[in-house]
Each structure stands twice: as structure tokens, then as C-alpha cells.
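Input: a single structure, listed below in C-alpha cells.
The values are calculated or read from the model by the stated rules, or taken from the named source; none is laboratory data. Being a predicted model, the structure only gives us computed values, none of them experimental. Cβ: placed from backbone, ideal geometry, glycine included. Neighbour counts: every protein chain shown. When the accessible area is computed, the model is the full protein with side chains, heavy atoms only, and any ligands, DNA or RNA have been set aside. Shrake-Rupley method; radii C 1.70, N 1.55, O 1.52, S 1.80 Å.
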Amino acid sequence: MSIFDNAFDPRRDVALVTGAGNGIGRAIAQALVGEGVRTVFADVSAERVADAVGSLSRPELASAWTGDLAKREECDRLLEHARSAFRRITHFVHSAAPPRREKDHSLAVTDDTWDQMRAVNVDAGFHLARELARELIAAREPGSFLMLTSLHAAAPRNLPHYSTSKAALAMLVKELAKTLGRFDIRVNALVPGAIAAGGFVADPSLTKHIPLGRLGKSEDLAPMALSVLSDRLSAYVTGASFVVDGGLSLTNWFDPPNLDDF
Ligand SMILES: NC(=O)c1ccc[n+]([C@@H]2O[C@H](COP(=O)([O-])OP(=O)(O)OC[C@H]3O[C@@H](n4cnc5c(N)ncnc54)[C@H](O)[C@@H]3O)[C@@H](O)[C@H]2O)c1
């Protein structure tokens with residue numbers, strides 16, 4: 001048998017993906033359904049969720065939910081929905097994030113934009129992960145969580161609300177991994193590079209900084225996401241960050257070597 005066989009157990013594994021209406025979250029949620037995993041698609045946009053679920057070849061494995069995860073009561077409503085749809089969530093992916101707008105630099109970003117970014121990334125990520133972990137611990141079941149962080153958890157982006165939220169989320173991954181490991185609940189981070197998805201408008205000139213020579217696609221993230229989520233492929237992996245960026249993070253003030261004589 002190949003080590004890639006049976007990465008998931010469709011009888012047991014059930015996923016909840018936030019931000020599943022678009023971009024990376026949508027690609028991961030659809031890939032999970034492709035593996036036969038029952039999956040809650042959660043997003044603030046009803047239209048996007050309906051489209052994401054509607055384009056599945058096995059829509060019966062998906063359950064759509066719409067609400068604003070910046071609000072605590074909506075997070076609780078999502079947890080209730082997940083319980084009644086599928087009883088228990090074993091795999092959690094937190095990909096929802098408000099749009100990033102270049103105009104929101106340090107001197108311009110409003111309190112509301114700051115609060116919304118933190119509320120969705122950090123507060124919802126923590127609350128949902130902790131409640132799902134509590135349910136798994138009570139049931140003595142293992143679990144696997146994946147948070148979408150960013151290269152800008154460590155490098156400025158001219159968007160202080162975004163970079164600080166992602167830095168907090170990156171530390172949350174480590175805190176949760178350290179506490180939940182004893183219960184066989186793994187928590188990891190997926191770190192995308194420049195992905196032409198929807199959350200930010202990619203400047204095509206960025207490609208000159210990417211060793212693999214192109215912007216990423218949402219579908220570039222799904223195979224790594226599923227590998228890390230899989231209890232079979234990544235049973236001994238927790239508290240780790242997986243960078244999927246075509247080499248973008250290798251960029252610094254040195255250009256690549258001149259290979260004219262090679
Ligand atoms: N695209 C990139 O280049 C990139 C780079 C680094 C990190 N990331 C991270 O990856 C994740 C996905 O990025 P993307 O580009 O696919 O984003 P996207 O904007 O295409 O998708 C995000 C989804 O989250 C939903 N959402 C926004 N606010 C919400 C709320 N309050 N409640 C519920 N849902 C909400 C949106 O409706 C959208 O469908 C994000 O966390 C982002 O920060 C993306």
C-alpha cells in the first residue's frame with residue numbers, strides 16, 4: 001500500500017473550514033470533500049459558499065454555513081451548526097480573513113478595520129479552536145487544526161492590522177500545539193506566499209522576486225494543507241509552519257547570482 005493511500009478516514013474525519021467561500025479556504029475545503037471528508041463550508045458570503053458547494057462533484061458531503069466570524073455569537077452559532085450537521089469536527093482549518101487594502105497603512109487604518117482583522121483572524125481562530133478541542137478532549141478523540149498565517153507574521157506589510165494579527169495567530173498555533181499535544185490534537189500553520197486568490201490584488205511585477213517565476217494559485221496550497229491535516233501522513237507533526245510560496249521568502253537585498261558564465 002502507498003503511504004499516500006487513505007490519508008483520511010471518511011467514516012471518522014469531519015472538517016470545518018472557515019473562509020471556504022473563496023481562495024485558499026475554498027480550495028482546501030473542496031480538496032477535503034474530494035477525499036471523501038464531510039466538510040462544513042463557513043463564510044460571511046452566502047453567495048460564495050453556495051458557489052463553492054454547488055461546484056462540488058459530491059455536494060452531499062458538504063454543509064454550508066453563512067455568518068460573520070468577527071462576532072462571538074456567530075462563532076457559537078457555527079459550532080452549533082457543525083454539531084448538528086456532523087456531530088463532531090476532527091479537522092479544523094481557519095482561512096477566513098477580511099480583505100487587505102493597500103490604503104490601510106499605519107497612519108490611515110481605522111479602529112473598525114483594525115478590530116475586524118483581529119476579531120476574524122485571532123479571536124475567532126482561538127475561540128473556535130478551543131471549543132473544538134474541548135469537544136475532542138471530552139470524547140477522547142484525536143484532531144488536527146491548521147491556521148492560515150502569512151510571511152507577514154514576521155515581515156512588515158504596510159498593513160499593521162494584518163501583520164500583527166498574523167503574528168498573533170502564528171503564536172497561537174504554538175501555544176495550542178504545546179497544550180493540546182497530550183490529547184493527540186495537532187495544530188500547525190500554513191504560510192502562503194503571494195497567492196492570486198482574492199484577498200489581495202497581486203502586482204504581476206512581484207513575480208521577479210519569486211524563484212519559481214509565478215504567483216501562486218489557491219490550488220497550490222491544498223496538497224500541503226491536506227498532507228499536514230492528515231493524521232496518517234503527519235501524525236508526528238505539530239506546532240510547525242509550512243511555507244508554500246514558490247521561494248518568495250528567499251528574497252532579500254541580494255539579487256540571485258549572475259549565471260551568464262555558467
Ligand atoms: N492570498 C495570499 O496571497 C495570502 C498570503 C498569505 C496569507 N494568506 C491568508 O490565507 C487566508 C486565505 O486568503 P485568500 O487570499 O484565499 O482570501 P480570500 O479573501 O480570497 O478569502 C477569504 C474568505 O474569508 C471570508 N471572510 C472574510 N471575512 C469574514 C468574516 N468576518 N466571517 C467569515 N468569513 C469571512 C471571505 O468572504 C472570503 O471568502 C487568509 O487568512 C489570508 O490572510 C493569503
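Scan the stretch 167-195 residue by residue and report those that are open to solvent by less than 20 Å² (accessible area, probe 1.4 Å) and of a type in the set (S, T, N, Q).
N188
Look at T113 and say whether it is β-branched (V, I, T) and free of Cβ contacts under 8 Å to residues at least 24 places away in the same chain.
no
Does S63 meet the test of being open to solvent by 10 Å² or more (accessible area, probe 1.4 Å) and closer than 27 Å to I137 by Cα?
yes
Being away from the ligand (no atom under 14 Å from the Cβ) and in contact (Cβ under 8 Å) with a residue 24 or more places away in the chain, is that true of even one residue in the stretch 196-212?
yes
For the stretch 62-80, enumerate the residues that are more than 7 Å from the ligand (Cβ to nearest atom), hydrophobic (A, V, I, L, M, F, W, C) and in contact with a strand residue (DSSP E or B) (Cβ under 7 Å, 6 or more places away or on another chain).
A62, A64, W65, L78
Report whether or not D220 is in contact with a helix residue (DSSP H, G or I) (Cβ under 9 Å, 6 or more places away or on another chain) and more than 29 Å from A52 (Cα to Cα).
No; evaluated as a whole, the condition is false for this residue.
Which residue pairs have Cβ atoms under 6 Å apart, sit 6 or more places apart or on different chains, and have a first residue in the stretch 142-153 that is free of Cβ contacts under 8 Å to residues at least 40 places away in the same chain and a second that is crowded, with 24+ Cβ neighbours inside 10 Å and not in a strand (DSSP E or B)?
H152/K166; A153/K166
Looking for whichever is at negative phi, among the β-branched types (V, I, T) and away from the ligand (no atom under 13 Å from the Cβ) here; the options are V44, V33. Which one fits?
V33
Can you name the number of the only condition in (1) open to solvent by less than 40 Å² (accessible area, probe 1.4 Å); (2) within 16 Å of the ligand (Cβ to nearest atom); (3) within 26 Å of H91 (Cβ to Cβ); (4) not hydrophobic (A, V, I, L, M, F, W, C) that R118 fails?
(1)
When you go through (1) open to solvent by less than 30 Å² (accessible area, probe 1.4 Å); (2) touching a residue at least 40 places away in the same chain (Cβ under 8 Å) one by one for V33, which number turns out not to apply?
(2)
For the stretch 115-157, how many residues meet the condition of being of a type in the set (S, T, N, Q) and over 15 Å from the mean Cα position of the chain (by Cα)?
Summing the residues that are of a type in the set (S, T, N, Q) and over 15 Å from the mean Cα position of the chain (by Cα) in the stretch 115-157 gives 1.
In the set R58, R83, R38, R87, which member is more than 16 Å from the ligand (Cβ to nearest atom), in contact (Cβ under 8 Å) with a residue 60 or more places away in the chain and open to solvent by 60 Å² or more (accessible area, probe 1.4 Å)?
None of the others qualify; the one that does is R87.
Would you pick out the residues in the stretch 193-234 that are under 29 Å from R38 (Cα atoms) and more than 19 Å from the chain's Cα centre (by Cα)?
R232
Return the pair list, or none, for Cβ contacts closer than 9 Å from residues in the stretch 156-180 that are under 13 Å from R101 (Cα atoms) to residues that are hydrophobic (A, V, I, L, M, F, W, C) and part of a helix (DSSP H, G or I), at least 6 apart or on different chains.
R157/L151; L159/M117; P160/W114; H161/W114; H161/M117; Y162/M117; S163/A153
Given the conditions (1) in a helix (DSSP H, G or I); (2) surrounded by 15 or more Cβ atoms within 10 Å (Cβ to Cβ); (3) under 18 Å from the mean Cα position of the chain (by Cα); (4) touching a residue at least 24 places away in the same chain (Cβ under 8 Å), report the number of the one that G239 does not fulfil.
Only one criterion is unmet by G239, namely (1).
Conditions: (1) in contact (Cβ under 8 Å) with a residue 40 or more places away in the chain; (2) within 10 Å of the ligand (Cβ to nearest atom); (3) open to solvent by 10 Å² or more (accessible area, probe 1.4 Å); (4) within 17 Å of R130 (Cα to Cα). I24 meets all but one. Number of the miss?
It is condition (4) that I24 fails.
Residues that are of a type in the set (D, E, K, R) and farther than 20 Å from G125 by Cα, at least 2 per element: which helices (runs of 4 or more DSSP H) completely within the stretch 1-112 meet that?
In the stretch 1-112, the matching helices (runs of 4 or more DSSP H) lie at 46-54.
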